[in-house]
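The values are calculated or read from the model by the stated rules, or taken from the named source; none is laboratory data. All values derive from a computational prediction rather than experimental measurement. FYI the Cβ positions are ideal-geometry reconstructions off the backbone, even for glycines, and counts take in every protein chain you see. Quick note on the areas: whole protein, heavy atoms, side chains included, nothing else; ligands and nucleic acids left out. Shrake-Rupley method; radii C 1.70, N 1.55, O 1.52, S 1.80 Å.
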Amino acid sequence: MDDGFVVPEGWTVFGEHGKKYSKTVTDPDTGRERKVRYGAKGYTIAPGTDKGDRYCSRSEGQRQDYGYDCSGKDKNTPLCLSRSKWKCSGKTSRKT
């Protein structure tokens, strides 16, 4: 059904969230699936570099502020998924 609505320039439509990556996560208790979107479009990931170390240092502070445990129950949050893409170990980024 076409109701004549035109999306204004610069707006996003439901489903277009402007994120680079997504991961489908299944809740083990209920079996329900949800999609976690993370990572900024247009940015390149460079693990094991100075850029990676700066990201990991910055995101480590955020992780501590939010109290996330990226190896436990919070591993599927956007912050923890991004940290795993950057291969963060504390405040540094690993090459492998």
Problem - Accessible surface of the chain [probe 1.4 Å, protein heavy atoms]: carbon and sulfur percent - result: 48 percent
Problem - Accessible area per residue, Å², region 22-78 with all protein chains present, probe 1.4 Å - result: 73 Å²
Completion exercise
For region 31-77, listing trypsin sites (Lys or Arg not before Pro) in a DSSP loop whose Cβ sees at most 12 other Cβ atoms within 10 Å gives R32, K41, K73
Handout entry: Flagged links, alpha-carbon separation over 22 Å, of K23/K85; K35/K95; K20/K87; K23/K87
Key = K35/K95
Exercise for the section: Sort out the exposed loop chymotrypsin sites (Phe, Trp or Tyr not before Pro) in the chain (DSSP loop, at most 14 other Cβ within 10 Å) and tell me the longest stretch that has none. Expected result: 44-96
